[in-house]
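So the structure is just underneath, and the comments pick up after that.
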Amino acid sequence: MLKVDNVSVSIANIKILSNISLNVKKFTSIIGRNGAGKTTLIKSIMKILDIDYGNVEFNKIKISNFNTYAMTSFGIGYMPEDRRLIPNLSVKENILLPIWSKRKKNENNDLESILNFIPEIKSFLYSDAYQLSGGQQKLVALARAMIVGKKLLLLDEPFEGVAPALAERLVELIIGLNKLKLITLITESDETYSKLINADIIKLERGKIVS
């Protein structure tokens, strides 16, 4: 279980999150408008942003005490809203980057498992990332998160800016994560797709959770 306990975060001395507490056991969606603090929350869990006070625990380990690069060791994968692919690397290289950072062996087994889950990627596996459409880049970013996210996935706005057909495919894939027994936290501006994946809904407004 992912547990966020009384977390507050400031950026440039401006408080963005105030006393956020939540538990994530299966599928959970953080719903809020642009500027509500959704991405700040995800980045705080990943320790990309420092926490003013409070704690983040995963499987009873206080991961807020660790640096960002350590998150893969806990089986945590992160898909940024803006995908953050390296343009001049191939799709395959982008997906494998987290594996290489861990110096893990048997990378081909992990890659094959991901390609079986998202078979569309096979057709552009050796293309450079800059050649892909926005929707294709979303799939690659999801694959990259999954290759190390064996226990927890943090998906920031996975449906943002993609065509309806691809959004429906992403819904199918996220529902499929349930079969892999992955805890999944996503963010979304409204409940449109979160309802389709039967997620627990947590609403965020101006950096605070509202009932």
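Could you work out the helix-only [θ] at 222 nm for the chain, with each DSSP H run of four or more residues adding -39,500 (n - 2.57) and the total divided by the number of residues, to the nearest 500 deg cm²/dmol? Please list the in-between numbers first.
Numbers: 5 runs with 59 residues, N = 211.
Taken over the chain, the calculation gives -8500 deg cm²/dmol.
Give, as a single signed number, the net charge of other residues whose beta carbon lies under 11 Å from the beta carbon of Ile16, with Lys and Arg counted +1 and Asp and Glu -1.
Values: positive: Lys15, Lys38, Lys43, Arg206, Lys208; negative: Asp52.
That sum, taken over residues with Cβ under 11 Å, equals +4.
Take every DSSP beta bridge whose two residues both sit in the chain, then give the antiparallel share in percent to the nearest 5. Let's see the in-between values first.
Numbers: 18 of 35 bridges.
So the antiparallel bridges in the chain amount to around 50 percent.
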**Request:** On the protein heavy atoms, probe 1.4 angstrom, tell me the percent of accessible surface of the chain carried by carbon and sulfur.
**Result:** 47
**Request:** Skip the ligands, DNA and RNA, and give the accessible area per residue of the chain with a 1.4 Å probe, whole Å².
**Result:** 51
**Item:** Gap separating the Cα centres of the range 107-180 and the range 15-63, nearest whole Å
**Value:** 23
**Asked** How long is the gain from Tyr69 to Glu93 if the chain were fully straight, where each residue apart is worth 0.36 nm and the alpha carbon distance is subtracted?
**Response** 6.8 nm
**Residues with amide H under 5 Å from that of Ile197, placed H, sequence gap 5 or more** = none
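Ranked from highest to lowest mean number of other Cβ atoms within 10 Å per residue, what is the order of the peptides 147-159, 129-141, 44-56? List each step's numbers first, then the result.
Details: 147-159: 22.5, 129-141: 19.1, 44-56: 17.5.
So the order, starting with the most tightly packed, is 147-159, 129-141, 44-56.
The values are calculated or read from the model by the stated rules, or taken from the named source; none is laboratory data. Keep in mind that this is a model prediction, so the values were computed, not measured. When we count neighbours, we look across all protein chains shown, and the Cβ atoms used for this are built from the backbone with ideal geometry, even at glycine. Ligands, DNA and RNA are excluded from the accessible area calculation, which covers all protein heavy atoms including side chains. Shrake-Rupley method; radii C 1.70, N 1.55, O 1.52, S 1.80 Å.
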